[in-house]
Amino acid sequence: MAQSPAPEETGGLFASVKGVAASLLAIVQTRLELLAADVAEERERLTSLLVLVLLALFSFGVGIVLLALLAVIALWESSRLLALGALIGFFLCFGGVFAALAFNRLRAAPRMFDASISELQKDRDQLENRP
């Protein structure tokens, strides 16, 4: 007489569904952890960049104001209005150049969550190509 396999060995449909659900949950958990890591990394990068930019702007601002004041005081008797006009034009031109550079850098920044999106796309492709 042949022995029938134990219920634990065959598993059946319920065990298969349970295994697939566990695999899907593991995939989702991994992707959410990757997304959380991407968010934390991006937040740290932006925070450090913001601090550096603010320090640089403050330092340059103080230096520029003092330089402009020095130029106006040095030319006070001869042509103070010409000195003020030239300094205003100079600072406005460079302000425009720096603003354009900042906007270009923002547009060229990598897309947020790019690694997470590509991993999710790989998972989706694998699931769709399964027989």
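Laboratory data are not the source of any read-out in this text; all were calculated from the coordinates shown. Keep in mind it's a predicted model, so treat the numbers as computed, not measured. Here Cβ is always computed from backbone atoms with ideal geometry, including for glycine, and neighbour counts include all displayed protein chains.
Normalised by the residues of the chain, what does the relative contact order come to in percent, with Cα pairs under 8 Å and at least six apart? Display every interim value, and only then the final one.
Details: 20 pairs, mean separation 52.2, N = 131.
RCO, the chain: 40 percent.
Provide the net charge surrounding A37, with neighbours chosen by a C-beta distance below 12 Å and charges set as Lys +1, Arg +1, Asp -1, Glu -1.
Here the charged neighbours net out to -4.
How big is the dipole moment of the chain about its Cα centre under a simple scheme where the beta carbon of each Lys and Arg is +1, that of each Asp and Glu is -1, and everything else is neutral? Debye, nearest 20, please.
Result for the chain is approximately 540 debye, rounded to the nearest 20.
Compute the whole-percent fraction of alpha carbon pairs in segment 82-131 spaced more than 19 Å apart.
Across segment 82-131, Cα pairs with separations above 19 Å total 60 percent.
Positive end of the dipole of the chain, charges at C-beta (+1 Lys, Arg; -1 Asp, Glu), about the Cα centre: which of V17, L81, C93 has its Cα farthest in that direction?
L81
Would you work out which of I64, S116, L46 lies farthest towards the positive end of the dipole of segment 11-128, given +1 charges on the beta-carbon of Lys and Arg and -1 on that of Asp and Glu, about the Cα centre?
Result: I64.
Run the quick spin-label model on L50 and L84: label points 7 Å from Cα toward the beta carbon, then report their separation in nm to one decimal.
3.7 nm
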